[in-house]
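Below is one structure, written out as C-alpha cells; the observations come after it.
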Amino acid sequence: MGNQLCKGRRYSSSKRRTMGFIHNQASPSHIGIRNVGVDKICNFSTTNSDLCISIVTWNMNGQVTFEDLAEMVGSNREFDLLAVGLQEAPPCPRNKVATMLSAALDESHTLIGKVIMQSLQLYLFGPKNARSFINELKVDKESVGGCGGIIGRKKGAVAIRINYKGIRMVFISCHLSAHGRNVEERNSQCRHISHSLFSKFWNPYSRPSHITIWLGDLNYRLQGIDTYPARTLIEKNLHRRLHSKDQLLQEAGRGQIFNGFCEGTLTFKPTYKYNKGSSNYDTSHKIRVPAWTDRILFKIEDDNNMEATLHSYESMDEIYGSDHKPVKAHLCLRLRQIPTKPSCNEQT
C-alpha cells in the first residue's frame, strides 16, 4: 500500500497518557504532519478492513438545505460509520439538522451519537445494528470563547469517544479563531482543546484510543502571499505551490501542534472564502486570500496495533450554500491484533 498507510508512533505503556491528543511543544524529534497519499480502491464489500469511515466537515455559514446535506452525504454507502462535523450550523428547532441528515442517508444508517454546542455540531451514524457493537460512547465539548462576530456562532470543539467493534476512536470537530494574524491563538486553542476534552472522565486504567480523527474549520490561512498571486496559481491548477504557505503545515512543522498526525495531500483547491452560491472566490471589499481552512487529520497511537488507509480526501465544489466548501475523507482501519474483551475499568 506504500505511502497510503499512516503509521503512528510506538506507544510505551510506561508513558501512558490519558489526555492530550496533540503535542503541545516542540521537541528535537518532532515530525509535524505526515502527508499520506490516497489509495482510491476501497474493497468495502470484500471486508479487507475492520472498519471503514466516511468523514465530512463543513462550515455552513448559518445556512442549511436538505439538498446540500444530501449532496454532502452522497449516494455511496460503502462505509460502516459516518462522522459529520458542522461549524456555523444554523439554529434549528427540534434537531432539524440531524433529522435531515438521517433522511439524506435514506435509512441506510442510524444516528448513534451526537454532541452540540450551539453552532458547533458533531454527528456519528452507524448501521442499523450498530448498538450491539458499541462498548463505550461518551461525548464532551470545550468552548474557547468568542462568537465570530455573530451571537451563537461558537468557537471551540465537540467530541465523541467510542469503542466500536473493539476499535477505540476519538472524533473531534472544532472551529478555531479566524484571521491570518491569529496563528498563536489558534495554536493555543488546539492545545487547550486537546488537554481539556474528556478530562472529567479520566481513568488511570483506561487504554488509549487506537485513533484520533480531528476535523473542522481550523481557520489556518496562507502566510506570505497576497490574494491575487494565490488566485493566479489556483486558476492555473498550480495550488500545490501554496502548500509551503499553509499555516497549519508550518506550525505543525515547528512542533507546535498536531505532531505525528496524518493528512492526505491537499490536491483540492482552497475551500475558503467563496461568494455564497457560487464557486468564485471572495469579491467583497476584503478580497480574502483563499485558504485551506477546512481539514481532516488523523493519528494512530500504536502502529503495532492498527493501520489506516486513506481512500479519498477531497473538497465538494458542487455545493454552493456556504462561503466554505465541505471537505470529505474516506478512511479504512485494520487492527493488527484481535481486540480482547474490554474490562470493567475500560468501560467506566
**Asked** Efficiency by 1/(1 + (r/R0)^6): what FRET value for T110 and S143, r their Cβ-Cβ distance, R0 = 35 Å, to the nearest 0.05?
**Response** 0.75
**Asked** Dipole of the chain (Lys/Arg Cβ +1, Asp/Glu Cβ -1, origin at the Cα centre): which of S188, L333, S322 lies farthest to the positive side?
**Response** S188
**Fully extended contour minus Cα-Cα distance, from R336 to S312, at 0.36 nm per residue** = 6.4 nm
**Complete:** Candidates L101, L238, L215; GNM for the chain (alpha-carbon contacts under 10 Å) flags as most fluctuating L238
**Fill in**
Cross-link reach from K155 to aspartates and glutamates, straight Cα distance under 17 Å and at least 8 residues apart if same chain, gives E88, D140, E142, E184, E185, D217, D294
**Asked** If packing is taken as the mean number of other Cβ atoms within 10 Å per residue, what is the order of 258-271, 275-288, 182-195, 319-332, highest first?
**Response** 319-332, 258-271, 182-195, 275-288
**Item:** Kirkwood hydrodynamic radius (C-alpha pairs) into Stokes-Einstein, region 232-328, 20 °C and 1.002 mPa s, D in µm²/s
**Value:** 143
**Asked** What residue among I55, I172, I31 has the largest mean-square fluctuation in a Gaussian network model of the chain, using Cα springs under 10 Å?
**Response** I31
**Asked** What residue among V84, V56, V139 shows peak mean-square fluctuation when the chain is described by a Gaussian network model with Cα springs under 10 Å?
**Response** V139
**Item:** Pairwise label distance in nanometres, I287 with R241, each label 7 Å out on the Cα-Cβ vector
**Value:** 1.9
**Request:** Check cross-link reach from K236 to the lysines: straight Cα distance under 20 Å, and skip same-chain residues fewer than eight apart.
**Result:** K245, K269, K273, K325
**Request:** Would you mind counting up the charge near L176? Only other residues with Cβ under 9 Å from its Cβ, with Lys and Arg at +1 and Asp and Glu at -1.
**Result:** 0
**N129 versus I41: modelled label distance in nm, points set 7 Å from Cα along the beta carbon direction** = 2.8
**Asked** Which pairs in the list K114/K141; K40/K328; K299/K328; K96/K165 are over 20 Å apart, alpha-carbon to alpha-carbon?
**Response** K96/K165
**Prompt:** Using unit Cβ charges (K, R positive; D, E negative) and no other charged atoms, how large, in debye to the nearest 20, is the dipole of the chain about its Cα centre?
**Reply:** 880
**Request:** Take the Cα atoms of the chain, find their three principal axes, and give me the spread along each one in whole Å, biggest first.
**Result:** 59, 49, 40
**Message:** If you wrap a convex hull around the alpha carbons of region 168-253, what volume per residue comes out, as a whole number of Å³?
**Reply:** 122
**Request:** Find the centroid of the Cα atoms in region 46-112 and in region 179-221, then give the distance between the two in whole Å.
**Result:** 22
**Asked** Is region 95-211 rounded, prolate or oblate when judged by the Cα gyration tensor, a ≥ b ≥ c being the square roots of its eigenvalues, rounded requiring a/c under 1.5 and prolate requiring a/b larger than b/c?
**Response** oblate
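No value in this document is a laboratory result; all are computed from the given coordinates. Please read all numbers here as calculations on a predicted model, not as lab measurements. Reconstructed Cβ throughout: ideal geometry from the backbone, glycine too, with neighbour counts over all protein chains shown.
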